[in-house]
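Structure record follows, encoded as structure tokens.
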């Protein structure tokens, strides 16, 4: 046999041998090493099966659970996630199982959960999405990481700012009224409210975020729904190595086609918005969700600009996540109120008491304590998410455990929400009164016991941003200053003290001012007549959501003025005046002003001041004559 023939045979054999070693290392050695490492630390679980992991067992448990009828109970955990329910009971709150070759550490111990979400940015980043999830949501806000996530989160914060949410209320009311008009005359008949709620949420999202109707987004919603079904049936299907690279299954081909069609539909909506600006039918792309993202898509600077892929992925994420979470919450809330008539009556009485015959408004919504309790309890029993996925980016210590790199962490929030140790023996009962004194008291101040939308810095954007800006920050500031003996009128949700100030000003301006130089009670009645007298020289008040510390103590005023440049800078101006300068810009303008009002410049301006002055002076009333003559002499 010639040397050439030997080389021809040897090279493929070497490649085959390297590939075999790599295959055995990834699919046998690494899983067994991880399993041994965690088992030695007391973390047990079902043993790893070659290539498939525990996927066959999971699929079997799910089939068995879905084949059995479910009684009228709120204990849905064994039905929805039978594998986690079974293994938690067998191996404990923290255990290891295998999604194919991928190790998943399931944790339902609240102390470990708090540590994971606290360090989620670097130590426990998001897990890379599966091929089907990437077709459904792309690299939108839900799946993005790093700088990309920061950029997308900033955009989302603009869309879901408190004022933006308030502006969405009329569109929400209009959509609800359309649905209720359809329901009229259906009393006593069976209705599929879940279907109607799906239409409602789709219509609200189309109106408020995309400036269109449900009909324009109907095709997108339908295709996203198909993609979600495909994804759910492939969650625990094992992808065989090498074969998947050569042959694509029917579900993958269908999901790729659906993703392509969704992109085309989204771009048609974007093109419609762009054409309005090009044809001068609109001055800008708009301030809604789509408008802000199209603005960034056309941004002049590359660092800020969104790519076409990012724009489409953000739209897909908002369409799907926005619809599914709200639709689920509405459907389960209505079911629970239908079963528990006493809470239905309490909720109805509260809504009538707060709003009467008016449409809902932000001030009233903040007063709906009973409805808030009902919604919180619904989210506990039937949360929109069954878990939160993270991965271990590098070897790290979690509690007493040392976790190897490149394993996944599944936070089983359904297990926490149905844990009798956290919620008591009545954990499976619908009892909104457990939230009567707020979420913190209901969870015994355990933040990781209740998180229906998530936890940590990636918590549900709309809800956390609104509550953080309009409730958490004001109450925290108020608490900090009150603890230092700085009192004041309590913060009122959204409006602060603005309504009280306006009322005091109206009363003061309606009364005539006597012949007195004491103008303070008329100009600043809220400061004079109430707050300085009641709370002292230094107190806290609220201009909307903005905290204002009023000081009239000379020593404190001197200290503030002394450190104005760095420590106590100018406040950002309101709309009027629109510009107040700081720093280098202020220095440049101050130099110009100093030149104009220099001593010599002022002396030169005196002659112009006195031109025609004497003739004017002699026309003044007699009362001013002595002072005039004295000044002339």
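The values are calculated or read from the model by the stated rules, or taken from the named source; none is laboratory data. Here the structure is a predicted model, which is why all the values come from computation and not from measurement. Note: ideal-geometry Cβ built from the backbone for every residue, glycine included; neighbour counts use all protein chains shown.
When segment 474-513 is filtered for residues that are under 16 Å from residue 539 (Cα atoms), without any contact (Cβ under 8 Å) to a residue 24 or more places away in the chain and not in a helix (DSSP H, G or I), the ones remaining, listed by number, are 483, 484, 485, 490. Screening residue 419 with (1) crowded, with 18+ Cβ neighbours inside 10 Å; (2) touching a strand residue (DSSP E or B) at 6+ places or on another chain (Cβ under 6 Å) gives one miss only, at (2).
Evaluating residue 362 against the criteria (1) over 25 Å from residue 102 (Cα atoms); (2) at pLDDT 90 or above; (3) touching a helix residue (DSSP H, G or I) at 6+ places or on another chain (Cβ under 7 Å) leaves one unmet condition, (2).
Take segment 524-554 and flag every residue that is assigned to a helix (DSSP H, G or I), surrounded by 12 or more Cβ atoms within 10 Å (Cβ to Cβ) and out of contact with any strand residue (DSSP E or B) (no Cβ under 9 Å at 6 or more places or on another chain).
The first filter runs over segment 524-554 and keeps only residues assigned to a helix (DSSP H, G or I), leaving 525-535, 554.
Narrowing further to those that are surrounded by 12 or more Cβ atoms within 10 Å (Cβ to Cβ): 525-532, 535.
Selection gives 525, 528, 529, 530.
Taking segment 335-368 as the range and being assigned to a helix (DSSP H, G or I), within 25 Å of residue 492 (Cβ to Cβ) and in contact (Cβ under 8 Å) with a residue 60 or more places away in the chain as the test, the residues that pass are 362, 363. Only one entry of 339, 352 meets the criterion of being farther than 20 Å from residue 429 by Cβ and modelled with pLDDT of 90 or more, and that entry is 352. When we screen 79, 135, 56, 62 for residues that are assigned by TED's automatic domain parsing to the domain that holds residue 254 and either at pLDDT 85 or above or in a strand (DSSP E or B) (or both), the only hit is 135. Could you check, for segment 15-33, whether at least one of its residues is surrounded by 17 or more Cβ atoms within 10 Å (Cβ to Cβ) and touching a strand residue (DSSP E or B) at 6+ places or on another chain (Cβ under 6 Å)? No; the residues of segment 15-33 include none that is surrounded by 17 or more Cβ atoms within 10 Å (Cβ to Cβ) and touching a strand residue (DSSP E or B) at 6+ places or on another chain (Cβ under 6 Å). For segment 417-436, which residues satisfy the criterion of being part of a helix (DSSP H, G or I) and closer than 17 Å to residue 369 by Cβ? Correct list: 432, 433, 434, 435. Scanning segment 146-154 for residues that are assigned by TED's automatic domain parsing to the domain that holds residue 313, crowded, with 19+ Cβ neighbours inside 10 Å, out of contact with any strand residue (DSSP E or B) (no Cβ under 7 Å at 6 or more places or on another chain) and assigned to a loop (DSSP other than H, G, I, E, B) turns up nothing. What do you reckon, is residue 11 in contact with a helix residue (DSSP H, G or I) (Cβ under 7 Å, 6 or more places away or on another chain) and either part of a loop (DSSP other than H, G, I, E, B) or at pLDDT below 95 (or both)? Answer is no for this residue.
Answer yes or no as to whether residue 299 is over 22 Å from the mean Cα position of the chain (by Cα) and over 11 Å from residue 209 (Cβ atoms). Spell out how you get there, then give the answer.
On the way: over 22 Å from the mean Cα position of the chain (by Cα): yes; over 11 Å from residue 209 (Cβ atoms): yes.
Considered against the rule, which asks whether it is over 22 Å from the mean Cα position of the chain (by Cα) and over 11 Å from residue 209 (Cβ atoms), residue 299 comes out as yes.
Of everything in segment 155-183 that is out of contact with any helix residue (DSSP H, G or I) (no Cβ under 9 Å at 6 or more places or on another chain) and at pLDDT 75 or above, the residue that is surrounded by the most Cβ atoms within 10 Å (Cβ to Cβ) is 173.
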